[in-house]
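To start, the structure itself, in C-alpha cells.
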Amino acid sequence: MTIAKKVAQLLITIVLVTLFASFLLVLLPGDPVEVLIPFGSEEQREAVREDAGLNDPFLVRYGEWLGGFVQGDLGNYYTVSSIRPVADQVSDALPISLTLVLEAQILALIIAIPLGVVTAYRSETWFDRMSNTTAFAMLAIPTFALGFLLQYIFSVELGWFSSVGWTPITESLSGHLDKAVLPVITLAVGQIAIYMRLLRSDMIATLQSDFITMAKAKGLSTRRILFRHALRPSSLTLLTVAGLNVGTLIGGALIVEVVFSIPGIGLTLAQAIASRQLVAFQSMVAIIAIIYVLVNFGVDLLYSALDPRIRHARTS
Amino acid sequence: MTRQEVLVGAVPSGVTGSGPLLDVRNVSTSFRSPRGMVRAVTDVSFTLERGKTLGIVGESGSGKSVLSRTIMGLLPGNAERSGEVLFEGADIGGLSPAGYRELWGDELAMVFQDPMTALNPVMRVGRQITESLRFHLDMDKDEAKTTAIELLRAVKIPEPEKRFKAYPHEMSGGMRQRVVIAVALACGPKLLFADEPTTALDVTVQAQILDLLAEQQRQRYMAMILVTHDLGVVAGRAHEIAVMYAGRIVEKAPTQVLFSEMKMPYTEALLSAIPRLDQRSHSRLHAIGGAPPDLVNPPKGCPFSPRCPYVRDRCRDELPPLQESATTPGHAFACFYPVDSPETLEIKERIAAQQILATAPTLADSPNGGGA
Amino acid sequence: MHEPPDLSVTHLDPSLEVVFSAIEEPEVARAKKGMGPAAWVALVWLVGMILAAILAPLLPIPDPRESFAEIARQGPSSGHILGGDTNGRDMLSRIIYGGRASFAIGFGAVAFGMLIGGFLGLVTGFFRGVSDTVLTPLMNILLAIPQFVLALSLVTVLAAGDDVGELRRTAVIILGLGLVSIPILGRITRANTLQWSEREFVMASKAMGAKSFRTLFREVLPNVVPAMLSIALLGVGVAIVAEGGLSLFGVGVQGPTPSWGNIIADNKGALRTSPHIVLFTTIVLFLTVLALNYLGDVVSRRFAFRESVL
C-alpha cells in the first residue's frame with residue numbers, strides 16, 4: 001500500500017471515529033442537558049445547549065465540533081455555575097498517560113527479551129516450563145487486580161513506594177520512581193508474558209538454522225551466538241507486535257491510572273463520567289481514539305521504513 | 001612471514017611433523033530416536049596427514065556427513081559416540097563445549113553445503129569474517145578489516161573492499177560460497193571439512209569452487225576432508241578416497257588406485273552412475289537399484305548385499321571385514337567377492353552375454369531377408 | 001519464516017489474538033489422551049463456581065445485602081469464613097452472588113458477540129464476495145477504536161442517569177461488551193472458516209450442488225466450532241475482567257448488587273484496613289479467568305492436533 005493510500009485510510013478512520021464519538025450524545029436516552037446539570041434553571045440549560053451546539057442538527061454540530069476540535073477546542077465542562085474548557089485538563093493529562101505507556105513498553109521489552117532468548121535456548125528444561133506457567137498466570141490476572149495487589153504489598157505493607165499520585169520525571173527522578181514503579185510494572189506484566197513467548201518461538205525456529213551451526217563451528221561463545229546472531233532475525237514478530245501493542249497499552253493505562261490515582265487522561269475520563277460531564281467525556285473519547293489510530297499509523301510507517309528486514313522476511 | 005600472510009594463505013601454516021594430523025579410531029555414532037538407536041556411523045577408522053585431502057564418498061544416509069560432524073564435535077544432544085578421535089595426538093572426542101570452542105575456527109573449520117543458509121542473513125559479510133578474527137586472534141577492528149578484505153581477495157571475490165559491506169542476499173550463490181570458505185579459513189585452521197560444498201551450486205560454478213578449495217589447501221598446507229556423493233568431485237582433487245555405505249567404510253584407497261583397481265561392487269556402481277561424455281546420447285543412466293538399509297536394525301552380513309549384482313550366500317550371512325589388499329598396501333576394502341575375483345567375473349560375463357542377446361537383432365531383421 | 005503481519009492502520013487490537021498465540025505451544029506434538037489433570041481441576045473449579053452462582057439462593061449463606069455490624073471490615077471469623085466488607089456484609093455471600101452478575105455478563109456478552117460475530121465470520125469466510133468486501137473493512141474500522149474505550153463509552157451513554165434499573169444496566173453492559181467483541185470474534189471465526197472452506201471435502205460438497213448454506217452449516221461449521229469454543233472461553237474471561245474495568249470507572253454493575261468487579265472497585269479504599277476484601281475477590285476472579293484460559297487452550301490444542309492428523 002502506498003503512503004498516500006495509507007494516509008487516506010487514516011483520515012477516513014479518524015472521521016469515522018470522531019463521528020462515532022459525536023454520535024454518543026445522540027445515543028443518550030433523554031436530554032443530555034438533563035444529565036449535565038440536573039438542577040439548573042431553564043435559562044442555564046439553554047445557555048449550555050447553545051454552547052454545546054445541542055440545538056443544531058447532528059451533522060452541523062459534528063462539523064462545528066470537529067472544527068473546534070482541530071483547533072484545540074475540546075468543548076467545555078458545564079456546571080450550574082461555570083463553563084470551563086476541557087482542553088486545559090487534557091493537555092496536562094496526556095503527557096502523563098503517554099509517559100506511562102512508554103515506560104511500560106520499555107520495561108516489558110527489557111525483561112521479555114533476555115527471558116525469551118534464554119527460554120528458547122533452554123527449551124524443555126524446568127526453567128522453560130516454569131516461565132511458561134508463569135507467563136500463563138500473568139496473562140490471567142486482570143490489570144486492575146494486579147495493580148491493587150501490588151499496591152497492597154509494596155505500598156501499604158512494605159511501604160517501599162507511594163500508592164497514589166504522580167511526579168513527572170522532569171521534576172525529580174526519585175520522586176518519579178516512587179510514584180511510577182508500581183503502575184509501570186502493573187501495566188508491563190501482561191505484555192512481558194506475550195513478548196517473551198513470541199520471541200521464544202521465533203528463536204527456537206532460528207536456532208535450527210544452518211547459519212547458527214556455522215556460527216557455532218566458528219567457535220563463538222554461546223552468548224554471542226544467541227544475542228548477536230540469533231536474536232536479530234528472530235525479532236521481527238516481536239517488534240511488530242510490540243508496535244501494534246502500544247494501542248492496547250493505552251487502554252490498560254486508563255485502568256492503571258484509576259487504580260493508582262494518576263492524573264492522566266484515564267483518570268480525567270473517569271472524573272468526567274463521575275460528574276456526568278458527557279460533553280467533555282465525548283471529547284476525551286475522541287482524543288483517545290485518535291491517538292490510538294495515530295500511534296498505529298506511526299508504527300505502520302516506521303515498519304515500512306525498516307523495509308529491508310521485512311523484505312528479507314519475505315524472501316527467506 | 002607475517003600474520004596476515006599466514007591467514008590469507010600466502011604462506012603455509014601447517015608444519016611437517018611426525019604423526020598424522022588426524023587419527024580416527026573405531027569411531028561409531030548413534031542417535032537416540034523413538035524407533036531405537038539409529039546407527040549412523042559404525043566402526044570407522046582412518047588417518048589423515050597434513051596437507052593431504054581425503055575424499056569421503058557415499059549416498060545420502062551413508063553416514064558421511066555424520067562422520068565429519070562427529071570428528072568436528074558438532075553433534076546434537078541425542079547423539080552417542082564411541083571410539084577415539086586424535087587430533088595432533090590428543091583425543092578430542094570427549095572435550096567439553098568450551099574445549100571444542102577453542103578448536104573450532106582456529107584449528108578445525110567447516111564449509112557447509114548451502115551458502116545461503118550458512119551465512120547470517122542480517123549480518124554483513126565482512127563482519128562475519130572479522131568476528132572470527134577478533135574473537136580467536138584478538139585482532140583490533142582495523143587489522144581485522146584489512147585481513148578480511150585480503151581473505152575475500154584470496155577467495156577470488158572481485159572488488160573485495162566493496163563486498164565487505166554487502167549482505168549475503170546481495171551476492172550470487174557462487175560468491176556466497178566463497179565467503180563461506182573465507183570465513184572458514186579466516187583463522188588458519190589446520191583441518192578443513194568441506195561437506196558437500198558444491199551441491200547447492202550451478203555446475204559451472206562447482207568446478208571453480210572446488211579448484212579454489214584445492215588451491216587454498218595447497219597453499220596453506222592444510223588437511224582437508226571433502227565429503228560428497230559424487231565420485232566425480234573427488235576424482236582429481238583428493239589424495240585418498242574412502243567410500244562409505246550404511247555407516248561403514250567399505251573401500252579406501254589412494255585415488256589413482258581406487259579408480260584403476262577398484263574392488264567393491266558398490267564403488268563400481270557409483271562410478272558407472274556418473275554420466276560420461278563418451279556414452280552414447282540417450283543411453284540409460286545407470287542407477288543403483290534398491291534403497292539404503294535400515295540403520296536401526298541393520299541386516300547381518302554385508303549391508304550392500306540386497307542391492308549387489310554379484311551377491312552370494314556368504315555375503316548375506318557374514319559381515320565382510322575391511323582388510324588391506326595383499327597386493328596393494330594402502331588399499332582396503334570390505335568384500336568377499338570383489339570385482340576382480342573369479343566368482344564375480346563369472347557373473348559379469350553372464351550379464352554381458354545376456355545384454356548382447358537382448359540387444360542383438362533378430363533373424364527377421366537381418367538384411368538377408370526373413371526366414372523361409 | 002512467517003509472513004509479516006498486515007500492518008494497515010485499521011489493524012485490529014491484537015490483544016486477544018496475541019494472547020492466544022502466546023499461550024499456545026508451537027510444537028503441537030503433545031496430545032494427551034483425554035484431558036490432563038490440570039484441565040480437570042480447571043473444569044471442576046469453573047463448574048463449581050457457576051453452580052454456586054446459579055444455586056446461590058439455595059445455599060446456606062446469608063443475604064448479600066444484609067449487614068452484620070460486628071464483622072464490618074473484619075477478616076475471617078467463625079460463621080463468616082471470608083470476613084465482612086466495609087458495610088458488614090458477608091464476603092463469602094457477596095462473592096458467590098457476585099459470580100451471578102459476573103458470569104451473566106461474561107457469558108451473555110460472549111454469547112451475543114459470538115452469535116452475531118460468529119455468524120458474520122462464517123458468512124464472510126465462506127461466501128467471500130460482497131459480504132466480505134463490505135463487512136470486513138467495517139469490522140476493521142470498529143477495531144480501530146480501542147475496545148475498552150468503546151465499551152466504556154457505549155455503557156456510559158446508554159445507561160446514563162440515576163434511575164436506570166439493575167436489569168437494564170446489566171443488559172446494557174452485556175450489549176456494550178458484546179458489541180465490542182463482535183469484530184474480533186468475527187475476524188477469528190472468519191479466518192478459521194477460510195481455512196476450512198478451502199478443504200477438498202467442502203469443495204466436493206459444493207460441487208455436488210448442495211445449497212450453500214447447507215454446506216456451510218453441515219460441513220464447515222462443525223469443524224470451526226472447536227476454534228470458536230476456544231475463543232469463547234477466553235472471551236468470557238475477558239468480559240468478566242472488562243466488567244471490572246467498567247466498575248472502576250463507575251459504570252459497571254451498581255451496588256448493592258455485587259459483582260466481582262464492583263466489589264474490588266468499591267473497596268479499593270479499604271486496602272489499608274481490610275485488605276482481605278479485595279484480596280479474596282481478586283483470588284476468585286484470577287482463578288476463574290485462569291481456568292477459562294486454560295480450558296480454552298486445551299480445547300484449541302486438542303482439536304488443532306486432530307486436524308494435523310488428518
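The table that follows gives values for the structure above.
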{"quantity": "Count - residues of the range B:63-74 that are at the interface with chain A (Cβ under 10 Å from one of its Cβ atoms) and part of a helix (DSSP H, G or I)", "calculated": "2"}
{"quantity": "Residue, surrounded by the fewest Cβ atoms within 10 Å (Cβ to Cβ), within the range A:244-271, restricted to residues that are facing another protein chain (nearest Cβ under 8 Å) and at pLDDT below 85", "calculated": "A:Leu244"}
{"quantity": "Residue identified as buried (at least 24 other Cβ atoms within 10 Å of the Cβ), part of a loop (DSSP other than H, G, I, E, B) and not charged (D, E, K, R) among C:Val251, C:Val241, C:Val224", "calculated": "C:Val251"}
{"quantity": "Members of the range C:156-182 that are in contact (Cβ under 8 Å) with a residue 12 or more places away in the chain and under 17 Å from the mean Cα position of the chain (by Cα)", "calculated": "C:Thr170, C:Val172, C:Ile173, C:Ile174, C:Leu175, C:Gly176, C:Leu177, C:Gly178, C:Leu179, C:Val180, C:Ser181, C:Ile182"}
{"quantity": "Only listed residue being out of contact with any Gly (no Cβ under 8 Å at 6 or more places or on another chain) and within 8 Å of another protein chain (Cβ to nearest Cβ), chosen from A:Leu11, A:Leu36, A:Leu24", "calculated": "A:Leu24"}
{"quantity": "Hits in the range B:260-281 (condition: surrounded by 10 or more Cβ atoms within 10 Å (Cβ to Cβ) and either among the acidic types (Asp, Glu) or modelled with pLDDT of 75 or more (or both))", "calculated": "B:Glu261, B:Met262, B:Lys263, B:Met264, B:Pro265, B:Tyr266, B:Thr267, B:Glu268, B:Ala269, B:Leu270, B:Leu271, B:Ser272"}
{"quantity": "Set C:Val284, C:Val278, C:Val241: member being within 12 Å of chain A (Cβ to nearest Cβ) and closer than 21 Å to C:Ser300 by Cβ", "calculated": "C:Val241"}
{"quantity": "Count - residues of the range A:115-137 that are part of a helix (DSSP H, G or I) and charged (D, E, K, R)", "calculated": "2"}
{"quantity": "Which listed residue, of A:Val184, A:Val164, is surrounded by fewer than 22 Cβ atoms within 10 Å (Cβ to Cβ), among the aliphatic types (A, V, I, L, M), under 21 Å from the mean Cα position of the chain (by Cα) and more than 10 Å from chain B (Cβ to nearest Cβ)", "calculated": "A:Val164"}
{"quantity": "Among the candidates A:Val164, A:Val189, residue that is in contact (Cβ under 8 Å) with a residue 40 or more places away in the chain, part of a loop (DSSP other than H, G, I, E, B) and out of contact with any Asp or Glu (no Cβ under 9 Å at 6 or more places or on another chain)", "calculated": "A:Val164"}
{"quantity": "All positions within the range B:232-249 that are in a loop (DSSP other than H, G, I, E, B) and under 30 Å from B:Met37 (Cα atoms)", "calculated": "B:Ala246, B:Gly247"}
{"quantity": "Among the candidates B:Gly17, B:Gly9, B:Gly77, residue that is at pLDDT below 80, over 17 Å from the mean Cα position of the chain (by Cα) and either assigned to a strand (DSSP E or B) or surrounded by 20 or more Cβ atoms within 10 Å (Cβ to Cβ) (or both)", "calculated": "B:Gly9"}
{"quantity": "Whichever residue in the range B:174-206 is away from chain A (no Cβ under 14 Å) and in a helix (DSSP H, G or I) and, among such residues, is surrounded by the most Cβ atoms within 10 Å (Cβ to Cβ)", "calculated": "B:Arg178"}
{"quantity": "Some residue of the range C:91-106 being within 12 Å of another protein chain (Cβ to nearest Cβ), surrounded by 22 or more Cβ atoms within 10 Å (Cβ to Cβ) and out of contact with any Cys (no Cβ under 9 Å at 6 or more places or on another chain)", "calculated": "yes"}
{"quantity": "Residues satisfying the stated conditions in the range C:51-67, i.e. surrounded by 16 or more Cβ atoms within 10 Å (Cβ to Cβ) and in a helix (DSSP H, G or I)", "calculated": "C:Ala52, C:Ala53, C:Ala56"}
{"quantity": "Those residues of the range A:220-235 which are over 31 Å from the mean Cα position of the chain (by Cα) and not hydrophobic (A, V, I, L, M, F, W, C), in sequence order", "calculated": "A:Ser221, A:Thr222, A:Arg223, A:Arg224, A:His229"}
{"quantity": "Boolean, A:Thr18 is hydroxyl-bearing (Ser, Thr, Tyr), more than 9 Å from chain C (Cβ to nearest Cβ) and part of a helix (DSSP H, G or I)", "calculated": "yes"}
{"quantity": "Hits in the range B:97-123 (condition: at the interface with chain A (Cβ under 7 Å from one of its Cβ atoms), within 15 Å of B:Ser65 (Cα to Cα) and either part of a loop (DSSP other than H, G, I, E, B) or of a type in the set (Lys, Arg) (or both))", "calculated": "B:Phe112, B:Asp114"}
{"quantity": "The range C:287-304, residues that are surrounded by fewer than 20 Cβ atoms within 10 Å (Cβ to Cβ) and facing another protein chain (nearest Cβ under 9 Å)", "calculated": "C:Leu287, C:Leu290"}
{"quantity": "Complete set of residues in the range A:84-99 that are β-branched (Val, Ile, Thr) and either within 23 Å of A:Leu249 (Cα to Cα) or at pLDDT 85 or above (or both)", "calculated": "A:Val90, A:Ile96, A:Thr99"}
{"quantity": "Test: residue in the range A:138-154 that is within 13 Å of chain C (Cβ to nearest Cβ), touching a Pro at 6+ places or on another chain (Cβ under 6 Å) and assigned to a helix (DSSP H, G or I)", "calculated": "yes"}
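The values are calculated or read from the model by the stated rules, or taken from the named source; none is laboratory data. Bear in mind the structure is a predicted one, so any value in this text is a computation, not a measurement. Every residue, glycine among them, receives a Cβ derived from its backbone with ideal geometry; neighbour counts consider all protein chains shown.
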